[in-house]
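Below: one structure, written as structure tokens.
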Amino acid sequence: MKPEGIAEGPRIYNLFPLLAGPFPAWKPHLERARRMGFNWVFVNPVQQTGVSGSLYSIADYCALNPLLIDPAAGPADQQFRSMIGQVHQLGMKLMIDLVINHTASDSPLVSQHPAWFRRNESGEIIHPGAYDNNQWVSWNDLAAVDNATSSDRQALWEYWLGIVRHYAAHGFDGFRCDAAYQVPGELWRFLISSARTEFPHLQFFAETLGCTTDQTLEVARAGFDYIFNSSKWWDFSAPWCLDQLRQTAPVVPSISFPESHDTERLASELDGHRDAIRQRYVFSALFSSGVMIPIGFEYGFRRRLHVAKSSPEDWESPAWDDTDFIRSVNALKANHRIWNEDAPVESIDADNPGVVALLKKTRDGSQSALLLLSKDHHQPQALDLPPIESLLQGGIAVAWPQSREMNALPPAGFQVFAADEVR
């Protein structure tokens, strides 16, 4: 039984549409997510794409991607609504990507509303892009939206609000706002406040990866409920990760992830080292208020998700089944307030550079916890810590998964201690 008074953070299962296939095939994945203890499902864009087929190159914001429709299962909208109903029947909430910084280059909006798009000096549509090995790569399948200075800005903003209302009316509980820092904060404030007048329980999650802490904080102040942090890339040594948390925690809670649809699979990065992958999930789940994994993480999938090329045929034979392990971590998180709150984390000297010891306290100081992680994936690591009770300033209420007497960590090992009351 979960103790009273715990406001659970989001435990998010990213059901990647192209890998899962048509909506009627999603049910077993949703049921598995619930069994693992997730309370949110996140789906990437499900709308009609442009010619590139990329999920993030949206041509029609209200039409559904034909790849997600089973021709033999009835009307498309009925299949869509049935999927939404299944999520809610299982006791989970549902969020979808909100992509408003660009559209597909071949979207009808480009010709219908030319003033909505950014253009160069020659009047040509600007395509977003990114640097790859110091070379600018232009994404020609995308058209950059001029949310800031469009001469038809009010109509553009009302259009985006209409899209938010459309999916909220269908039953979506939240939105993952793609590249949120590339959209004016004033627009986010307009969308969030306006949408909540009709749907007061809507939640908004800002994707802020790749921007500075100052940019993240600026986005957070636009009214977002959560941001996604960069702890996935932390080496457990450099100071930047704890510094970022120290700055963002008082402003907005965050969500960690060991991998995402934008990254390589962790099983590929760590060459199938199951214990190291488990360790990373423990860290991600307990570091911040929320946690997220993409479909297949629980099975050690290695094939990277692709926003245009993935398909149900890419489903891999499981390397293992970590559904029970993930369920146990999620239960630990759900049952203790300290793991559902962003609060500054202090690194404690374990007298061994191969061990990271992280001390966390709730913002009101009433609860504390210690997370021990071995940085070495191949050799056991000795511990030399003060008495755990003295570090926690209270009796040990939780010791998971090993004994309360710790003098070493196994390779890629971890240990969790918590005190529910600090003296």
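Are any of the residues in region 148-170 modelled with pLDDT of 95 or more, among the aliphatic types (A, V, I, L, M) and assigned to a strand (DSSP E or B)? Checked against the condition, which is being modelled with pLDDT of 95 or more, among the aliphatic types (A, V, I, L, M) and assigned to a strand (DSSP E or B), region 148-170 yields no hits at all. Somewhere in region 61-76, is a residue touching a residue at least 60 places away in the same chain (Cβ under 8 Å), surrounded by fewer than 16 Cβ atoms within 10 Å (Cβ to Cβ) and part of a loop (DSSP other than H, G, I, E, B)? No: zero hits.
Considering only region 171-208, state which residues are outside any helix (DSSP H, G or I) and of a type in the set (A, V, I, L, M, F, W, C). Answer for region 171-208, where residues must be outside any helix (DSSP H, G or I) and of a type in the set (A, V, I, L, M, F, W, C): F172, F175, C177, A179, V183, F199, L202, F204, F205, A206. Only one of the listed residues (H113, H102) is at pLDDT 95 or above and under 21 Å from the mean Cα position of the chain (by Cα). That residue is H102.
For (1) assigned to a loop (DSSP other than H, G, I, E, B); (2) more than 18 Å from the chain's Cα centre (by Cα); (3) over 21 Å from A418 (Cβ atoms), each residue gets a yes or a no:
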| position | (1), (2), (3) |
| --- | --- |
| L245 | no, no, no |
| E259 | yes, no, yes |
| I277 | no, no, yes |
| F283 | no, no, no |
| E316 | yes, yes, yes |
| D321 | yes, yes, yes |
| I326 | no, no, no |
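The one condition from (1) of a type outside the set (A, V, I, L, M); (2) surrounded by 14 or more Cβ atoms within 10 Å (Cβ to Cβ); (3) in a helix (DSSP H, G or I) that S54 does not meet is (3). Looking at region 367-382, can you tell me whether even one residue there is in contact with a helix residue (DSSP H, G or I) (Cβ under 7 Å, 6 or more places away or on another chain) and either loosely packed, with under 15 Cβ neighbours inside 10 Å or farther than 23 Å from S237 by Cβ (or both)? Yes, there is a match, as at least one residue in region 367-382 is in contact with a helix residue (DSSP H, G or I) (Cβ under 7 Å, 6 or more places away or on another chain) and either loosely packed, with under 15 Cβ neighbours inside 10 Å or farther than 23 Å from S237 by Cβ (or both).
The values are calculated or read from the model by the stated rules, or taken from the named source; none is laboratory data. Values in this document were obtained by computation on a predicted structure and should not be read as measured data. Note that we place each Cβ from the backbone using ideal geometry, even for glycine, and neighbour counts take in every protein chain shown.
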